[in-house]
Each structure stands twice: as C-alpha cells, then as structure tokens.
Amino acid sequence: MWESSHLSLSTDEQKELAKRITGFLSQYRYLSESYIIEFFTEDLWLKLPVSWQSVLQYLSYPQIADLLLDPDHGQRRYPCVWPLSLLAFRTAAHSLAFPRSSRRRRAGHDSPAKPAEFRTNRNQSSLLTHGFRKHVKPKKQHEIRQLGTLVKQLCKRTGCYRVIDVGSGQGHLTRFLSFGLGLSVTAIEADPALVATATKFDGQLLCALEKERKKKQKSSSEPPSSGTCPRHVTGWVDPKASWEVFIQQLGANQDDGEGAFTPCKKRPCSPEHTSKEAGLFEQGVRQDLVLTGLHACGDLSPTLLRHFVKCPHIRAITSVACCYMKLTTKEQPSLPGVLEPPDPPRSDPECSVWDFGYPMSAYVRGLPGHQLSYKAREAACHAMEDYLARLREESALLRTHCYRAALEVFITDGRPDLRRAGIQTVKKAHLLTFAEYARLGLARVGLPPSLPLDPGRLEAMLAQRGKVVVFFSLALLLAPVVETLVLLDRIIYLRENGVHSHLIPLFDPNFSPRNFVLVAQKTLG
C-alpha cells in the first residue's frame, strides 16, 4: 500500500529538502514568529516589504485564498502586477511542503466536502457498523477506519498481530483494531478517567456484538474469541524513560478500581486470556509488537519512534502526530501547560541532552537555522483547508483576528505586563460588536469592562481588518512548511538508525487536518 506513496524520497533528497526548508524559514522568521494579536502593537504590517504592502492591502478574502494559499488554483487573475519576491515566496512555500493529499478534490469554491463514506449520512460513516460509530464523532470515525485498516495491513506484512495503542484515550481505535479487525491490542493511556470510559465502552460494544450474533442466529453456542478482547493499562509514557520501562508498563496488571474492565456478563472477555497477555511481559517473555499512536500529542510521538528504534521487540510503527507546539526543544526544554506525573518512571541514564521532541535527527540538528519557535510550531497545527473555506465564504469569523489585535492595544496601554494575555475563545465573537467583545475579553484578564476606548482610534484599527487577515494568511502559508520539517526530521532520524519509512497523507485533509501517518518497519536479519 505505502510503496506507491509519492512522498517517498531518497536519503539525499530528504537531506536536501531539510536544508532548503531551514534556509527558507530562517528568511521569514518575522512571519512565522509573529503573533497576530500584536498586529497593531508591533506594527506588523510595516514588517512586510513595501512592494508587498501595495499589492496585498486591497485583496478580497477570496483573492487571498486563490492567489496566496491554494497551491492548486489554476486560473489566477491578479488585480495588479505582483513583485517577483512575493511570487517566489508563495511558490517556495507550496513547493517545500509535503502535499497533504494524493490528489486534491476541487468542486469549485464550495466548502470542503466530507469523505465519500459520509455522503448518505453526514454523521455516520458507511464503512463502520453501528457499534464502532457509537460515541465517536465523524472525524474520529474516518480516522480509526483508515488507520485501523493500515495497521492491519502492516500486521499482515510483518506477521505480527500484537498491537500497542499508545495514548488510546477513550479507546475508539483500540476497539476497532480488536473487535473489528481481530488484532490482539493493549491500550495505554495516562488519564484514568479516559481508561474508565474506554473500558465502559468496551463492555457496551460487547453487549451489542452479542445481540447481533444472536439476532443472526450464527453458532449461538460458539465461545467468544479470546484473541479480540483489548487490555487497558493506565500509565504515562515518560519521554526520558528507557524502552525497558515502557515494556514493563505494558505488563502492568489491570486496575482493580475505576479503570478495571467489567465487560458484558452475557459474553465476558476471557480472564485466562487477560492474565496470559499481562504475564507475557511480567515473566520476561517477549512477543513482537506493532506500535500505533493516533494523534499522539507533543513529545509522545518522538518517544514512540525512539522506542521503536531501540526496542528489539517492536517490529513496526504507525505514527500520527499532533500538537507540535508541545514538543520540547533545546531552547524550550520545559513547556507551559505540559505536566509530568508526580512519580514519573525511572529515567534512562543514557538519555542525552539532545533527546528532545525536536529535532530528533543528527542531520537536522546540525543545520543552521533549524530552530523552530513555539509560535511557529503552534501555527503548524492550524487547519489550512478550513481557513481556505472561511476566506472563500467571506466568513464573519475572520473579523475576530482584528478584534483581538485591537483589544491587545487597549490592554497593553494600561497594563504592559498583560502583553499576550490569554483570554481564550470568546463564544460567537464574530456576532458581537467590538464593545461587547471587549467587555467579555477585558473581564477575563481582570481589567474593568469600562476601560476607555477611543472611538476614532478604534475605528481606524477596525478598518484595517483586511490587512490583518492578509498578514495572518502569509504566516499561515508557512505552517505546512514547518510541519514538513518536523516530519522530515523524524524520517531522517529513522534513516540514521537504519530504518526506511514512508509518509502517507492517510486522512482527508479537509476533514482531518493532521492527516499524515509515518509508517516504518524493521527488516529481519
């Protein structure tokens, strides 16, 4: 399946692309590291080349989408002659980023359509039975079916049918892999509440499957299959711990408390199977494993790749990453909001100072300008396809960029210490007047809602909402390039450790923004 991926590059091509990307991003850091809320306080518009300002300031929202952000827009009609430097910037940004789908589906300028599996029912995938759709949002239905099918193919290819689902959450992928595809699955999740929910949903699915079996009158005396009941383990995967600690976590006994699995009494999972599975690890007996992580957050994805490389028992991996801003770097080894458990597992004494989430590879680490700021990595998580739709629809949601940037002026005028204060999302902000928005936003940072707002100054700022959207769009154009560098670094890391990998745009990008899956398998002998 993955040999035909058009993202496969030779080792030299991978390194050359990484070199070109770091050089390109270094040139435009003033875009990738700018916060749009500081559009007015930092005069961001004036940071653009003068020749760019003159041609961009009057673009309509659909023109921003067609002329800047959409790499596949064919008939570009420019309102005036663009400078070569701007054309080169746009072309380079599109050409350096991995294409996010094998072939983009275009049907005029309508909103992105859902995948074909949702054409009959917009909320129910036609490729999954009811049991696997229950409690699962459409986006996740699409993802678990696509990734689950790929994992099953990888298991057949390697002859290894034991899967470890890391960061399993409520267990949607786990259930599809085990009950739907017949794989032996151990799920590990740090949040006990999510583990409790996952085990509850397992029991509900078992009951539904039992009813379905009886309804079809198929071998009612047939014993339940002992190879399809998942195990759930509560545990935090420490990025600084060794693969041996990770394997020990997988052998942990199931919780006796809220995380314990209490399946349907009519068709329980075999306790002999459960204890046998755990015992394989506890007794030191090693089985070959396939690792998978669906949108493993921050450092969890690179941690799984390191375990894959170092652990002789892990034969293959599928890795779908997200939350790049939560990756640790040499410059930001500890990130705000990323908490560690009170008693983390034993750390690997051989762990080097370079074992951060980014960069992983020695090659990228040695490139000048390889550093990616928190802001650049956060922007790489934005949904380009969704933003294109907003621009083409001239959505009122776009005015919130300017609202927040104007509010930043009034906040920092009186309280410079509250610069970049997080006010979070104001519900339905696009439907509010600025005065209403400001009243809610100021209260969230502890400022009085009666803060004086100069009407003339405010009107002048709100009149520049088009410029604010243009600047945000220029920065967003770099987001896929940043994501490409992060993923390319992982590919090169695997190659440095003797493993060839493939990057596949597995999910529909209009539906699932973080749609790349990194697939790798070790060759025996």
Honestly segment 407-510 on the Cα gyration tensor test (a ≥ b ≥ c root eigenvalues; a/c under 1.5 rounded, otherwise a/b vs b/c for prolate or oblate) is just prolate
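Top to bottom by accessible area (1.4 Å), largest first, where do Lys522, Lys47 land? Walk me through the intermediate numbers first.
On the way: Lys522 40, Lys47 100 Å².
The ranking, largest first, comes out as Lys47, Lys522.
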If I take R0 = 22 Å and measure r between the Cβ atoms of Ser334 and Asn497 in this structure, what FRET efficiency does the formula 1/(1 + (r/R0)^6) give, to the nearest 0.05? 0.25
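Averaging sequence separations of C-alpha pairs under 8 Å and six or more residues apart, then dividing by the length of segment 112-178, give the relative contact order as a whole percent. Please report the intermediate quantities before stating the final value.
Details: 41 pairs, mean separation 17.0, N = 67.
Answer for segment 112-178 is 25 percent.
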For Arg162, distant residues with modelled amide H under 5 Å away: Val290
Over 30 Å (Cα to Cα) - which of Lys114/Lys427; Lys156/Lys330; Lys375/Lys522; Lys137/Lys211; Lys15/Lys139 fall in this group: Lys156/Lys330; Lys375/Lys522; Lys15/Lys139
Tell me which residues come under 5 Å, amide H to amide H, from Ser361 once H is placed; ignore anything under 5 positions away on its chain. Tyr493
If I ignore ligands, DNA and RNA and count only protein heavy atoms, how much of Tyr161 is accessible to a 1.4 Å probe, in Å² to the nearest 10? 110
For segment 171-177, take each phi angle, set θ = phi - 60°, evaluate the Karplus expression 6.51 cos²θ - 1.76 cosθ + 1.60, and give the result in whole Hz per residue in order, putting x for glycine and proline. x, 5, 5, 4, 5, 5, 5
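About the Cα centre of segment 459-525, how large is the charge dipole given +1 on each Lys and Arg Cβ and -1 on each Asp and Glu Cβ? Please answer in debye to the nearest 20.
On the way: 6 positive and 5 negative charges, 13 e Å.
With only Lys, Arg, Asp and Glu charged at Cβ, the dipole is about 60 debye.
Roughly how many debye, to the nearest 20, is the charge dipole of segment 38-95 about its Cα centre, given +1 on each Lys and Arg Cβ, -1 on each Asp and Glu Cβ, and no other charges?
Values: 4 positive and 6 negative charges, 53 e Å.
Dipole of segment 38-95, to the nearest 20 debye: 260 debye.
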Taking the simple approach of a point 7 Å from Cα along Cα-to-Cβ for both Asn123 and Leu46, what is their distance in nm? 5.2
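The values are calculated or read from the model by the stated rules, or taken from the named source; none is laboratory data. Keep in mind that what you see is a predicted model, and the values were worked out from it rather than measured. Ideal geometry is used to build each Cβ from the backbone, glycine not excepted, and the neighbour counts take in all protein chains shown. Areas reflect the complete protein model, heavy atoms only, side chains present, ligands, DNA and RNA absent. Shrake-Rupley method; radii C 1.70, N 1.55, O 1.52, S 1.80 Å.
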